[in-house]
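Let me begin by presenting the structure, written as C-alpha cells, before commenting on it.
Every number here is computed from the coordinates shown, using simple stated rules; none is lab data. Computed from a predicted structure; not experimentally measured. Glycine also receives a Cβ, built like all others from the backbone with ideal geometry; neighbour counts cover every protein chain displayed.
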Amino acid sequence: MNVIDYISYYGKHTFEEKAFNEVDNVIFSMLSYVDYNGIVPNNKNEITIEEANMLFKQKDFDDKNIMLSIKQAIKVLESASGSNRFKNITMSNYMYIGNEESQFSAVTFKITKDLYYISFEGTDALLSGWKEDCKMAYKFPVAAHVLAKNYLNKVFTLRRGKVIVGGHSKGGNLALVASMYCNRFVRKKIINVYSNDGQGLRETQLNSKQYSLIKDRYIHIIPNYSIVGLLLRHDDNYIVVKSDRKGFYAHDAFSWQVSYDHLEKELLSRFSKVFDDGFSKWLDNYDDEQRRKFVNEVFKLFYENGFETVTEVRSKLKNITTVVKSSKTMDPVVKEMFKELIKIVGKTNLEYPWF
C-alpha cells in the first residue's frame, strides 16, 4: 500500500471519526507541491480541497517536464478530493516565492475546527531552490528559513487551536527551523513537527536552546534508502520507513509503504549508512568559506551551461563530471572537492543521478 491506497481504504472516515496519524502527515506534506496560484487564497479566506482540485484541473498545465514529486502530489490531490476524509478540509494562506535567490512555498490546512496543518513545500524544479538547499551547509539562516518563520508567525500568532507543522524534503527542514524560531505564542500551540526526509541542521543549531524547546515534538521520518534526510547534523532517533525504491528515488514519499494507518518500518540500508558517513566526513574536511566557494562555483557552471531547472541538470548530469574536469576557470580546490564527492557516491554502489 501507498498513500493513495490509504486514502481509498480510510477515506470514508472523517478526522473526527479517525484521528490524525503519520500517514495523514505525509499526505499533507505532499499536497504543498501543487501550484495553487490563483486557486487557494493568499489570505485567511478558505477553499476546500475538493474545490481546489476542480479549479486545478481547469488550469492549462503541461505535466511532461515537471518533477516527480509534483506529479505525485497532483495524484494525491485528485484522490484526496474524492474522499470524505479530505475533501472538505479547507486551505488558505497560499504563498509561493521563486526567484534567483530562493524558492519557498507554504499552505495552511484546517483539518478540524481546532486543528491545523501548516505544510512547507520541498524543493521544486527551480535551480535556485537547490542552490539554497546547498547553502544550508555553510549558512544559517538561508532566505527560506526566514520566510518560513515569518509565515508561521503571521498565520498562527492570533489564531486559536493547535497546529501541526510539517513538510517533505526541504519543507521538513523549514518546518523544523520555523518551529524553533517562531514566537512563544505560536510554539505553545504546536503539537508536532514532522520532517519527512528533510535535511538536518548545522551543529550550532542542533545544540541550541531553540532546538531543545521543540525537540520533544519533533518527528523525523526517513526512508530506508535515505540521502536528503541524513544531510547535515541530526539526532539518531529518526523513524525509518520502507520504500519500494532505492537511492534518491526513495526520497519520493509516494514510494513509502503503508500498512493500514501507519508507515511500514524498516532498518536503515547499508547504502544510507555509507553515504551518511562519507558525506559527513567530506563536510568536516572543509570550512564554511570552502563550502561556499564549492556551491557558488558548481552552480555558476550550471548557469553558464544554460541550466535553469534541476530537470535540465539531471538530463545532462553524466556530462557534468566531464565539464567540471575540463573547466579552466574553476578553482582547483573546488575540483578536488567535486572529485571526492563523486567517490563517496561511488562507494554506495548505486548509480547516479538520483533525482
(request) Enumerate the helices in the chain for which the Kyte-Doolittle hydropathy averages -0.5 or more and the C-alpha atoms extend at least 18 Å along the helix's axis, using complete DSSP H runs. (result) 68-81, 143-156, 332-347
(message) Could you order the peptides 15-22, 163-170 from most to least packed, using the average number of other C-beta atoms within 10 Å per residue?
(response) 163-170, 15-22
(request) Could you please state, rounded to a whole Å, how far the C-alpha centre of the stretch 10-50 is from the C-alpha centre of the stretch 162-214? (result) 20
(message) Ranking request for peptides 250-258, 291-299: highest mean number of other beta-carbon atoms within 10 Å first, then the rest in descending order.
(response) 250-258, 291-299
(request) Give the long-range amide H neighbours of Val258: residues separated by 5 or more places, or on another chain, with amide H under 5 Å away, using H modelled in the peptide plane at 1.01 Å from N. (result) Asn2, Glu264
(message) How would the stretch 193-335 be classified by its alpha-carbon gyration tensor: rounded, prolate or oblate, with rounded meaning a/c under 1.5 and the a/b versus b/c comparison settling the rest?
(response) oblate
(request) Normalise the Debye intensity by I(0) for the chain, one equal point scatterer per Cα, no solvent, then take log10 at q = 0.09 Å⁻¹ and round to two decimals. (result) -0.47
